[in-house]
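Undergrad: The structure under discussion is supplied below as structure tokens; questions concerning it will follow.
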Amino acid sequence: MKGSGRRKLDQQTFMAQARECRDKGYLLSAKKIGSGAFSKVYLAHATQERMQHNPKLASDLQGKRHTMVAIKVISTAEAPVELSCKFLPREISSLNATYKHLNVVQLYETYHNSQRAYLVLELAGGGDLLEHINSVSDHRCCPGLGEKEARRLFRQLVSAVAHCHSAGIVHRDLKCENILLDDRGLLKLTDFGFASQSGVKKALLSTFCGSMAYTAPEILMSKKYSGEQADLWSLGVILYAMVTGKLPFKECRPHRMLLLMRRGPTFPPGLSPECQDLIRALLQLRPHARLDLQQAARHRWTRPTGHAPFCTMLSTSPVENPGEPREDSEPPRSLLQLRRPQQLGTPKSTSGPAPEPPDASRSRGGGSARLGLQSITMANLGVGASRQPPPLCSRSTTQNVLGLYQVN
Ligand SMILES: Nc1ncnc2c1ncn2[C@@H]1O[C@H](COP(=O)(O)OP(=O)(O)OP(=O)(O)O)[C@@H](O)[C@H]1O
């Protein structure tokens, strides 16, 4: 279709979406604040009438003193059937199960027709953690966030993940792109499309999920795994990315990735020994050897001497815990500044052959990532043998987080 024809169709689609939202009590703005493979996320306003009919929305927006929400519009008619039948229901039920925590994006309501599904979400207008790390790195002319800010965000992240786990939800796709910030600098965990309901039995899982750079070794090895322990590994990768502006292990080929994991992370000079210790304790090859969430929350880096105890942090009750004030001087970013770098907009597919992502480590799993892994075991990776000191980082293993999207 020619450019003008495409634009006209897009306009008609948008008008239809705006009408459908208005009928439900939301005023859709033309401001697109994000997109996925089959979804677009718009800024919208809830009408007073809608708030009167939706107590979740009313209580939350009154506290925030605005009427803005984010509406995620999913083109179910165009998407693979798996999305409507599997990933979308999973996302909705996980968001319902994790309602309500200050650091997990809230789902206010959903509606759908034969063409589209709509998710009315809490607005997190401060961009994602990846953008934040990159912009702070540029600002400081030094990769990564300062440890003080990283600690503030990490505490909120641990709290969010603990809340999900206590609600029986394992995320399985924890990564910087799935962590949003709001205008107050509060962290909001999102994108539960790969989440799994672990239930009471906490059965071991076997599906390959997530993005390779954040994926736990046991998943790369196609082992049955505990979703909780796999999430802990991803937390270690995210913390490393926050404090260094880089990924600890960067390889497209799973077997090479496993070798890097076995060697362990290397750290830039100047990073505190406490922070290094916490990262190492999360990035343990043996899932059982990883710190659990309670231990991560009590670790001396997370809660240095003089910090108020953070006992409310791991509260399992589904109520808001008090947010922590921003300690850093980074000003909150306004919605007007919200944008995604061009290269982040590459569509991702939830099934079938994905359009080639800019970097394979960003693509979401799938069978191909497991090829050739069957013969790799903890034993031949040398787990348990004494560790060699990690080699100096080479460029390929310490790619700047931004660089991830520039590699083909
Ligand atoms: N609640 C929100 N507030 C602000 N922005 C949001 C919100 N939810 C999503 N976004 C923006 O929209 C983008 C796409 O959202 P999301 O990742 O949920 O869509 P998706 O269809 O699951 O994407 P993918 O195809 O990558 O899985 C996010 O990266 C983020 O920038």
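Undergrad: Straight-line reach only, C-alpha to C-alpha below 25 angstrom: list the lysines that Lys224 could link to, leaving out same-chain residues fewer than 8 apart.
TA: Lys86, Lys175, Lys201, Lys202, Lys250
Undergrad: Also, quick follow-up: Placing unit charges on C-beta atoms (Lys and Arg positive, Asp and Glu negative, everything else neutral), compute the dipole magnitude of segment 14-121 about its Cα centre in debye, rounded to 20. The partial results should precede the final answer.
TA: Working: 15 positive and 8 negative charges, 54 e Å.
So the magnitude is around 260 debye.
Undergrad: Can you classify segment 151-300 as rounded, prolate or oblate using the Cα gyration tensor, where a ≥ b ≥ c are the square roots of its eigenvalues, rounded means a/c under 1.5, and otherwise it's prolate if a/b beats b/c and oblate if not? Don't skip to the end; give the middle numbers.
TA: On the way: a/c = 1.44, a/b = 1.05, b/c = 1.37.
Rounded.
Undergrad: Can you send over the carbon and sulfur percentage of the accessible area for segment 14-121, probe radius 1.4 Å, protein chains only? Walk me through the numbers on the way to the answer.
TA: Details: 2550 of 4970 Å².
Using a 1.4 Å probe with all protein chains present, segment 14-121 comes out at 51 percent carbon and sulfur.
Undergrad: What shape does segment 14-121 take by its C-alpha gyration tensor, where a ≥ b ≥ c are the square roots of the eigenvalues and a/c under 1.5 counts as rounded, a/b above b/c as prolate, and the rest as oblate? Write down the numbers at each step before the final one.
TA: Values: a/c = 1.84, a/b = 1.26, b/c = 1.46.
Oblate, since a/c reaches 1.5 and b/c is not below a/b.
Undergrad: Could you tell me which residue out of Asn113, Cys21, Met51 lies farthest along the dipole of segment 14-121 toward its positive end? Charges go on the beta carbon: Lys and Arg +1, Asp and Glu -1, centred on the Cα centre.
TA: The listed residue farthest towards the positive side: Met51.
Undergrad: With a 1.4 Å probe and all protein chains in place, put Tyr99, Tyr118 in order of accessible area, largest first. Kindly include the intermediate steps, with their values, before the conclusion.
TA: Numbers: Tyr99 55, Tyr118 5 Å².
Highest to lowest solvent-accessible surface, that is Tyr99, Tyr118.
Undergrad: Measuring from label point to label point, each 7 Å out along Cα→Cβ, what is the Glu274 to Lys8 span in nm?
TA: 6.4 nm
Undergrad: Here is a follow-up. Amide H of Ile33 versus every other amide H placed in the peptide plane: which residues, excluding those fewer than 5 positions away on the same chain, fall under 5 Å?
TA: For Ile33, whose amide H was placed from the backbone, the distant partners under 5 Å are Val41, Tyr42, Leu43.
Undergrad: Also: What length, rounded to one decimal in nm, is gained on full extension from Tyr111 through to Ala97, with 0.36 nm per residue of separation minus their alpha-carbon distance?
TA: Values: separation 14, 0.36 × 14 = 5.04 nm, distance 1.78 nm.
The span from Tyr111 to Ala97 would gain 3.3 nm if fully extended.
Undergrad: What are the ³J(HN,Hα) values, in whole Hz, obtained from phi via the Karplus relation 6.51 cos²θ - 1.76 cosθ + 1.60 with θ = phi - 60°, for each residue of segment 10-20 in sequence order, with x given for Gly and Pro?
TA: 3J(HN,Hα) across segment 10-20, in whole Hz: 4, 5, 4, 4, 4, 4, 5, 5, 4, 5, 5.
Undergrad: Let me ask you something else. Sort Met257, Met68, Met15 from largest to smallest accessible area, using a 1.4 Å probe on the heavy atoms of the protein chains. Walk me through the intermediate numbers first.
TA: On the way: Met257 0, Met68 40, Met15 110 Å².
Highest to lowest solvent-accessible surface, that is Met15, Met68, Met257.
Undergrad: So how exposed is Arg263, as accessible area in Å² (1.4 Å probe, rounded to 10)?
TA: Rounded to the nearest 10, the figure is 100 Å².
Undergrad: Moving on. Pairs Lys32/Lys56; Lys8/Lys31; Lys8/Lys32; Lys148/Lys246; Lys188/Lys223: which are spaced more than 20 Å apart, C-alpha to C-alpha? Mind showing how you got there, number by number?
TA: Working: Lys32/Lys56 24 Å; Lys8/Lys31 17 Å; Lys8/Lys32 17 Å; Lys148/Lys246 17 Å; Lys188/Lys223 30 Å.
Over 20 Å Cα-Cα: Lys32/Lys56; Lys188/Lys223.
Undergrad: Continuing with this model, one more query. Would you work out which of Gln62, Cys85, Thr98 lies farthest towards the positive end of the dipole of segment 14-121, given +1 charges on the beta-carbon of Lys and Arg and -1 on that of Asp and Glu, about the Cα centre?
TA: Value computed over the given set: Gln62.
Undergrad: Still on this structure, please answer the following. For Leu145, which sequence-distant residues (separation of 5 or more, or a different chain) have an amide H within less than 5 Å of its own amide H, given hydrogens modelled in the peptide plane?
TA: Here the answer is Val243, Thr244, Gly245, since their amide H atoms fall under 5 Å of that of Leu145.
The values are calculated or read from the model by the stated rules, or taken from the named source; none is laboratory data. Note that the coordinates shown come from a computational prediction; the quantities given were computed from them, not determined experimentally. Quick reminder, even Gly has a Cβ in these numbers, built from the backbone with ideal geometry, and neighbours come from all protein chains shown. Accessible surface is based on the protein model in full, side chains and every heavy atom, while ligands, DNA and RNA are left aside. Shrake-Rupley method; radii C 1.70, N 1.55, O 1.52, S 1.80 Å.
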